[in-house]
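All remarks here apply to the structure that follows.
The values are calculated or read from the model by the stated rules, or taken from the named source; none is laboratory data. Please read all numbers here as calculations on a predicted model, not as lab measurements. Please note: Cβ atoms are built from the backbone with ideal geometry, for glycine as well, and neighbour counts cover all protein chains shown. The accessibility values were calculated without ligands, DNA or RNA, using every heavy atom of the protein model including side chains. Shrake-Rupley method; radii C 1.70, N 1.55, O 1.52, S 1.80 Å.
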Amino acid sequence: MNSSSRTLTIRSIFFLLPSWFLLLIFFIGPILLTFYFSFTNLALTGAQAQQMQFVGFDNFVTMFQDANFRISVVKTILFLLLSAIIGQQLLGFLLAFLMKEKNTTFRRIIGIIVIAGWVTPEIVVAFCWVAFLNDNGTLNAIIHALGMDGVTWLYTFPLISVCIANIWHGTAFSMLVFQASLDDVPKSIEEAAKMDGASKLQILFRLIVPIVKGSIVTNMILVTLQTLGVFTLIYAMTGGGPGTATQTLPIFMYNQAFVNYQLGYGTAISLVLLLIGVVASLFYIRSMKVQV
Amino acid sequence: MNRYTLEKTVPYIVLSMIGALFLLPLLWVIFASFDANAKQALSMPSLFTLRNFSAILSDPTNIRAFIIGLFLSLGQATLVVIVGVLAAYPLSRYALKYKKPFMFTILFMTSLPITAVMVPVYQLFMFLNLQDSLVATMLFLTASGLPYGIWMLKNFMDAVPLELEESAWVDGASIWTCLRKVVAPLMIPGICTVAIFTFSMSWGNFFVPYILIQSPDKFPASVTIYQFFGTYGMVEYGKLAAFSVIYTMPAVILYLFSQKFMSKGFSFGGATKG
C-alpha cells in the first residue's frame, strides 16, 4: 500500500467513524442483543431482572404454544392485507389513476386532502379517528341523520376501524409513488392503443399495469414494512383490544415485554418481527435494482 | 347522459367522494379546536374562539413538552446531517473496498421496522443506565435516522462535480475546507430534504420516547398528547383538538417547505420509518 492510499484509508475511517459509532451502539447492537436476549428469561422486575439465565429455545417453545401469539400473527396478516395491500396500495393506485389528466385545480385539492392525512402525526391520526368513530362521533351522527341506528365502531369492528385509520394515514405515500410512475407511461402508446380500439380497462390492465409493475412491487414491499411496524395508531386507538381483536405483533410484543414484564419473551417476539422485516427488506433491495 | 360524458364525470364523482371521506376526520379536529363547546361529532362552532389555543399555550407543561420535542427532533436532524455528510464524503469520493457492502447494509437498515428493535433498545438503555435520558434518546433517534440520511446525502453528493473541488485544492484548500465551503453549500437542497424528513419523522414519533423516557416532566409533545386523551377520556375535546392542531403545524409547514426541494422527483430511498 503506498502512502497516498494509506492517507485516503485513514481519512475515510475518520470521516466514517461517527456514523459507525452511532450505528453500532444504537442500531446493530440492539439487533444483536435481540438474538441474545430472546434466549434468556430476562424480566423487568423480580429476581430474573437481576440474574437472567440462558434458557435456550424456551421462549420460542412458549411462543409457538401461546394461543395469543397465533392470534397476533393472524391479526398482523389481516392488518397487512386489509390496510396495506388492499387499502393503501389499491386506493393509492386508484387515486393516482383517476387523477391522471384531470383538471389541475381539482387534482390539487384532492391531493392536498389526501396528503394532509399523511402529514398528520400518527398519534393525532389516532385521536381524530377515535373521535370520528366514537359512539357520539361524526360517523354515527351522519348515520343518525340518515335515520339509522348508530354502531359502536371501535367495539364492534375494531380491526376494520384501525385498518381504515391506517389507510387514511398511509394512502398518500402510495398515491405519490404511483402518480410519479404513471407520469412515466408514454402518452403516445396509450393513444395508439386507443386508436386500435382498446377499452379503458384493456389499456389499464394490458398496458399501464405492466409498465408500472416495478413500482407496484417496490411500493407493496415498502408499505408492508411500514404497516408491519405500526404500533402507535393501534395502541392509541384500541390498545390492542377489545380482548385480542387488534393485537398485532408489535402490540403483543409490547404487552409481553412492558405490561407482563417478560422482557426475554418480548424480545423473542421482536425477533420474529425483525426476521419478517429482514426478509421483506431483502426483497425490497432486490426489487430496487440499485447501483452503488 | 351519453357514454362519453359518463366516462368523463364518473372519475370526478368518485374522487370527490373519496376526498370527502378523507376530509371529514380532519375537519372535526380543526372545527373543534376553535369551538368553545366542542363535542365528539363534527359541528360548525356556534362561536369561534381562540380560547382553546390560549389555554394550551399558556400551560407551562405543554410549552415544556413542545420544547423537549424540538430538542429531540432538531438535535436528531442536525446530527443526522452532520454525521451523514461526513460519512457521505468518502463514500462518494473514494474508491473504497467496503463501499458496496456498506451501502447495501445502509439501504437494508433504512427499511427495517424500528418497532422491532424497541425492546432490546430498552434493555440496552437499562444496561447502560441511560433510561430517562433525553440526550441518549436523541442519539438513538439519530442512529435510526442515519441509514436514510447517509443514503440520500451520498446520492446528493454524487451530483456535486468533482472538478469544483479539484480547483479548490489547487488554490490550496484542505479537504475539510473543501467539504465545508464547496461541497456542502452545493448540497443545500439535499441537506434540507434530509433534515426536514428526519425532523418530521421524529416530531411525530410517539413510540420511542414513550419507551425510553419515564419521567412525565421529560415527555415530548407526542407523549403528552397521548396522556391527555388517554387519561382524561376525551372530556375537553376543544383543548385536545387545539393541542393536536398546534402539534401538527410544524409537520405541515415543513412539508410545504420541503416541496420546494423535493420537486425534483419523488424518491423511493427508504422513506419508511414511522
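Rounded to the nearest whole Hz, the Karplus-based 3J(HN,Hα) values (6.51 cos²θ - 1.76 cosθ + 1.60, θ = phi - 60°) of the stretch A:133-139 follow the sequence 9, 4, 3, 9, x, 4, 4, with x at glycine and proline.
The alpha carbon gyration tensor of the stretch A:1-116 gives principal lengths a ≥ b ≥ c with a/c of 1.5 or higher and a/b no greater than b/c, which makes the shape oblate.
In degrees, nearest 10, range 0 to 90: what is the angle between the Cα axis of helix B:134-158 and the longest Cα principal axis of chain B? Approximately 60 degrees, to the nearest 10.
Please report the spacing between the Cα centers of the stretch B:124-142 and the stretch B:48-103 in Å, no decimals. So the separation of the two Cα centres works out to 16 Å.
The mean number of partner chain beta-carbon atoms within 10 angstrom of a residue's beta-carbon across peptide B:205-211 is 5. In this simple spin-label approximation, B:Thr78 and A:Ser4 carry label points 7 Å from Cα along the Cα→Cβ vector, and these lie 3.9 nm apart. Across the stretch B:81-97, computed HN-Hα scalar couplings (Karplus, 6.51 cos²θ - 1.76 cosθ + 1.60, θ = phi - 60°) run 5, 5, 5, x, 5, 4, 5, 5, 4, x, 5, 8, 9, 9, 8, 8, 5 Hz from first to last residue, x flagging Gly and Pro. How many angstrom lie between the Cα centre of the stretch B:164-182 and the Cα centre of the stretch A:51-118? Cα centres, the stretch B:164-182 to the stretch A:51-118: 47 Å. With respect to chain B, whose longest principal axis is taken over its alpha-carbon atoms, helix B:118-127 is tilted by about 70°.
Rounded to the nearest 20, the size of the Cβ-charge dipole of the stretch B:129-249 about its Cα centre is 320 debye, with Lys and Arg at +1 and Asp and Glu at -1. The residues B:Arg93, A:Arg6, sorted by heavy-atom accessible surface at 1.4 Å with ligands and nucleic acids left out, run A:Arg6, B:Arg93 from largest to smallest. Among rounded, prolate and oblate, which fits the stretch B:152-222 when a ≥ b ≥ c are the square roots of the eigenvalues of its C-alpha gyration tensor, a/c under 1.5 means rounded, and a/b larger than b/c means prolate? Prolate is the answer for the stretch B:152-222, as a/c is 1.5 or above and a/b outweighs b/c.
Shielding value for B:139-150 is 4, the average number of Cβ atoms from other chains within 10 Å of each residue's Cβ. Packing-based ranking of A:162-170, B:128-136, A:94-102 yields A:162-170, A:94-102, B:128-136, ordered from highest to lowest mean Cβ neighbour count within 10 Å. If you sort B:Lys97, A:Lys75 by accessible surface, 1.4 Å probe, largest first, the order is B:Lys97, A:Lys75.
Summarise the partner chain shielding of B:15-24 as one whole number: the mean count of Cβ atoms from other chains within 10 Å of each residue's Cβ. Each step should come with its number before you reach the end.
Details: counts 10, 3, 0, 8, 8, 2, 3, 13, 7, 6.
For peptide B:15-24, the averaged partner shielding equals 6.
Please label the shape of the stretch B:181-225 as rounded, prolate or oblate, based on the square roots a ≥ b ≥ c of the eigenvalues of the alpha-carbon gyration tensor (a/c under 1.5 means rounded; beyond that, a/b larger than b/c means prolate, else oblate). Prolate, because a/c is 1.5 or more and a/b exceeds b/c. To test your reading of the geometry: what angle, between 0 and 90 degrees and rounded to tens, separates the Cα axis of helix B:3-33 from the longest principal axis of chain B? With both axes taken from Cα atoms, the answer is about 80 degrees.
Taking every DSSP helix (H) stretch of at least 4 residues in the protein assembly as shown, weighting each as -39,500 (n - 2.57) and dividing the sum by the residue count yields a mean residue ellipticity at 222 nm of -22000 deg cm²/dmol. In order along the stretch A:248-264, the phi-based Karplus estimate (6.51 cos²θ - 1.76 cosθ + 1.60, θ = phi - 60°) of 3J(HN,Hα) comes to 6, 4, x, 5, 4, 4, 4, 4, 5, 6, 10, 9, 8, 6, 9, 5, x Hz; Gly and Pro are listed as x. Its relative contact order, with pairs defined as Cα atoms under 8 Å and 6+ residues apart, puts chain B at 31 percent.
Positive-end ranking of B:Val83, A:Ile31, B:Thr177 along the dipole of the protein assembly as shown, with charges on Cβ about the Cα centre, is headed by B:Thr177.
Between B:Val252 and B:Arg180, the modelled label-to-label distance comes to 3.9 nm, taking each label 7 Å out from Cα in the direction of the beta carbon.
Charge dipole (Cα centre; +1 on Lys/Arg Cβ, -1 on Asp/Glu Cβ; no other charges) of the protein assembly as shown amounts to roughly 1000 debye.
Think of a 1.4 Å ball rolled over the protein heavy atoms: chain A then has 46 Å² of accessible area per residue.
Hey, if we sort A:Leu146, A:Leu82, B:Leu186 by accessible area with the 1.4 Å probe, largest down, what's the order?
Details: A:Leu146 125, A:Leu82 60, B:Leu186 90 Å².
Per-residue accessible area, sorted high to low, gives A:Leu146, B:Leu186, A:Leu82.
Computed from point charges on the beta carbon alone (+1 for Lys and Arg, -1 for Asp and Glu), the dipole magnitude for chain A about its Cα centre is near 800 Debye. At the residue level, A:Asp58 shows approximately 90 square angstrom of accessible surface with a 1.4 angstrom probe and all protein chains present. Close amide H partners of A:Thr40, meaning residues 5 or more places away or on another chain with modelled amide H under 5 Å apart, are A:Val55.
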